[in-house]
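J.: First, the structure itself, so that you have it in front of you.
The values are calculated or read from the model by the stated rules, or taken from the named source; none is laboratory data. Treat the numbers as computed from the prediction; the structure is a model and nothing was measured. Virtual Cβ from ideal backbone geometry, glycine too; neighbours counted across all protein chains shown.
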């Protein structure tokens, strides 16, 4: 009987985790004051290698934090939806996701909510089946595609914050 690939990948991940645990136990026994790979690298390889290891650890923690933040934001959007607060898809979808604006008349036929939705192949097929071309709905929100508008809005916010700081400093 063949082994499922998912099971095999879990076994390989477990073996890799065992080797990582052995490496860290060796770190702890060789340099007793070392609490991390950075300290061990500094004590055994020197400052340059420790610097590289330190920045590698910062990058690792940043990528881990980004992954957790993406997951938690999905939970927050779902939680708010349960209370009737809908976050627009333009704000909650990943960057680069193709969005489509569903008008209210088309939303009833699709059994979907009106507004911005992420375009998928299934949604596109449903829209075509209703006799509508999906490209007619495919316009992005202006703040995502118009650099002039984004620049204008950011300059206005900078102007207002500068105005507020001047008012505070003159008091």
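J.: Kindly indicate which of 123, 106, 144, 80 is in a helix (DSSP H, G or I), closer than 22 Å to residue 69 by Cβ and modelled with pLDDT of 70 or more. So that I can check it myself, show each step before the final result.
T.: On the way: 123 fails: closer than 22 Å to residue 69 by Cβ; 106 fails: closer than 22 Å to residue 69 by Cβ; 144 fails: modelled with pLDDT of 70 or more.
Among 123, 106, 144, 80, only 80 is in a helix (DSSP H, G or I), closer than 22 Å to residue 69 by Cβ and modelled with pLDDT of 70 or more.
J.: Mind listing whichever residues of the stretch 25-41 are in a helix (DSSP H, G or I) and either farther than 24 Å from residue 58 by Cβ or over 30 Å from the mean Cα position of the chain (by Cα) (or both)? Give the derivation first.
T.: The first filter runs over the stretch 25-41 and keeps only residues in a helix (DSSP H, G or I), leaving 25-30, 37-41.
Passing the criteria: 25, 26, 27, 28, 29, 30, 39, 40, 41.
J.: When both residues are 6+ apart or on different chains and their Cβ atoms are under 6 Å apart, which pairs have a first residue that lies in the stretch 67-82 and is within 15 Å of residue 94 (Cβ to Cβ), and a second that is in a helix (DSSP H, G or I)?
T.: Hits for this filter: 77/92.
Residue by residue, here is whether (1) at pLDDT 90 or above; (2) under 30 Å from residue 87 (Cβ atoms); (3) surrounded by 10 or more Cβ atoms within 10 Å (Cβ to Cβ) holds:
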| residue | (1), (2), (3) |
| --- | --- |
| 24 | no, no, yes |
| 35 | no, no, yes |
| 56 | yes, no, yes |
| 60 | yes, yes, yes |
| 73 | no, yes, yes |
